[in-house]
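Student: The structure's right below; bear with me while I get my questions together.
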C-alpha cells in the first residue's frame, strides 16, 4: 500500500522508544538513592574551560530518579554563570526558563515539577543541562516522552545554545532512537566520564 512505509517506521520507532523508556526508568529507580553523590561526581568531570564560557546555565530539578545536576549548577555559578530552571506552562508547551538561585522559592509547574514561579525573571540560557532516559555517543537523547525538551530545543532563540546531557553511565545505549527533527546533544556528562558528541 503506498505510503505505508513511513507510518510503519514511525510505529516501530515508537515501540522501540517505549521499550527503552521502560527499561531505563527501572535503571534510574535502582540508582536514585545515589543521585546526589553521582551527580556531584559528574559535576567534576565538566571541563572548567567550558564552564567559564557559560553566562547563563539552565539546569533542571531532579525527579523520578534523575541524576542530580545541582552540584554542576553550583560549580558553574562559582565560575560566574547565572542560573535558571525550566518551567512548563502546559502539558504540550515548550519550557520557559526562569532565574534560579538556592534561595529561590519553587512552586509546582504544569507538570508538577518544582520550578521558579511566574513572577520570577525569565532567562535565555546559552547552555542547557538536559535530563534524559538514554543517550548515545553521537548525541542521541531519549527523553521521558512528553516532548517538552524537543519543543524547547527547536525554538529559534535556542539554536546556538549548548546542550549538555546529564545521566548515569548505565543509561548509555549504542544508538538512541531518534527522528530526523530531534536535536542532538553537544556533550554528555556522567559520573564516569565527559563525552564530546560532536
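Student: Kindly indicate whether residue 50 is at pLDDT 95 or above and over 23 Å from residue 181 (Cα atoms).
Tutor: It is true that residue 50 is at pLDDT 95 or above and over 23 Å from residue 181 (Cα atoms).
Student: Just checking: which of the strands (runs of 3 or more DSSP E) contained wholly in region 58-140 hold 3 or more residues that are at pLDDT 95 or above and under 24 Å from residue 189 (Cβ atoms)?
Tutor: Hits in region 58-140: 82-88, 95-100, 114-116, 127-130.
Student: Also, I was wondering about something else. Considering each residue of region 181-198, count those that are over 14 Å from residue 39 (Cβ atoms), more than 14 Å from the chain's Cα centre (by Cα), modelled with pLDDT of 95 or more and part of a loop (DSSP other than H, G, I, E, B), and give that number.
Tutor: Residues meeting the conditions: 2.
Student: State all residues of region 143-153 that are in contact (Cβ under 8 Å) with a residue 60 or more places away in the chain and over 19 Å from residue 23 (Cα atoms); if no residue qualifies, say none.
Tutor: Passing the criteria: 148, 152.
Student: As an exercise: evaluate residue 126 against (1) surrounded by fewer than 20 Cβ atoms within 10 Å (Cβ to Cβ); (2) within 29 Å of residue 26 (Cα to Cα); (3) touching a residue at least 24 places away in the same chain (Cβ under 8 Å); (4) touching a strand residue (DSSP E or B) at 6+ places or on another chain (Cβ under 6 Å) and give the number of the one condition it does not meet.
Tutor: Among (1) surrounded by fewer than 20 Cβ atoms within 10 Å (Cβ to Cβ); (2) within 29 Å of residue 26 (Cα to Cα); (3) touching a residue at least 24 places away in the same chain (Cβ under 8 Å); (4) touching a strand residue (DSSP E or B) at 6+ places or on another chain (Cβ under 6 Å), the lone unmet condition for residue 126 is (2).
Student: Can you run down the residue pairs with Cβ atoms below 9 Å, 6 or more apart or on separate chains, where the first is in region 156-180 and on the phi < 0 side of the Ramachandran plot and at pLDDT 95 or above and the partner is exposed (fewer than 10 other Cβ atoms within 10 Å of the Cβ) and part of a loop (DSSP other than H, G, I, E, B)?
Tutor: Correct list of pairs: empty, since none qualify.
Student: Based on this model, can you work out whether residue 140 counts as surrounded by fewer than 18 Cβ atoms within 10 Å (Cβ to Cβ) and in contact (Cβ under 8 Å) with a residue 12 or more places away in the chain?
Tutor: So residue 140 does not fit the description; no.
The values are calculated or read from the model by the stated rules, or taken from the named source; none is laboratory data. Everything numeric in this text was worked out from a predicted model, so none of it was measured. Counting neighbours? That spans all protein chains shown, and the Cβs are built from the backbone with ideal geometry, glycine included.
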